[in-house]
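Any read-out appearing in this document is the output of simple, stated calculations on the displayed coordinates, not a laboratory observation. From a predicted model like this one, the values you see are computed outputs, not experimental measurements. Here the Cβ positions follow ideal geometry from the backbone for every residue, glycine too, while neighbour counts run over all protein chains shown.
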Amino acid sequence: PVKDFSWTGLGLFIGGQDILVSQGWGENAQCMLKMNYRTKEISIVMTNRNPGLDQTESGIEWLVNQRMQTE
């Protein structure tokens with residue numbers, strides 16, 4: 001990751017210590033990826049509908065965090 005920047009590339013963001021985050025959504029889908037680049041843990045959730053809410057509010061981030069045991 002680049003120091004003093006909250007992003008690391010196209011659609012890939014720093015989401016905390018050692019965590020990279022990517023989110024996507026569209027007319028009929030929503031998804032989120034979190035990756036711990038130190039432990040190589042990856043959690044991805046994809047849905048076949050867009051609930052009209054951000055991933056944090058729609059429960060997608062909660063599911064991703066449950067798999068990685070992070071908050």
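Descriptive notes on the structure:
- The alpha carbons of region 7-68 give a radius of gyration and a Dmax of 11.4, 34 Å, in that order.
- In Hz, Karplus ³J(HN,Hα) per residue of region 17-28 (6.51, -1.76, 1.60; θ = phi - 60°; x = Gly, Pro): 4, 6, 10, 10, 10, 9, 10, x, 7, x, 4, 10
- Using only side-chain charges placed at the Cβ, +1 for Lys and Arg and -1 for Asp and Glu, the dipole size of region 7-68 relative to its Cα centre rounds to 240 debye.
- Working from Cα pairs under 8 Å separated by at least six residues, relative contact order for region 12-69 is 27 percent.
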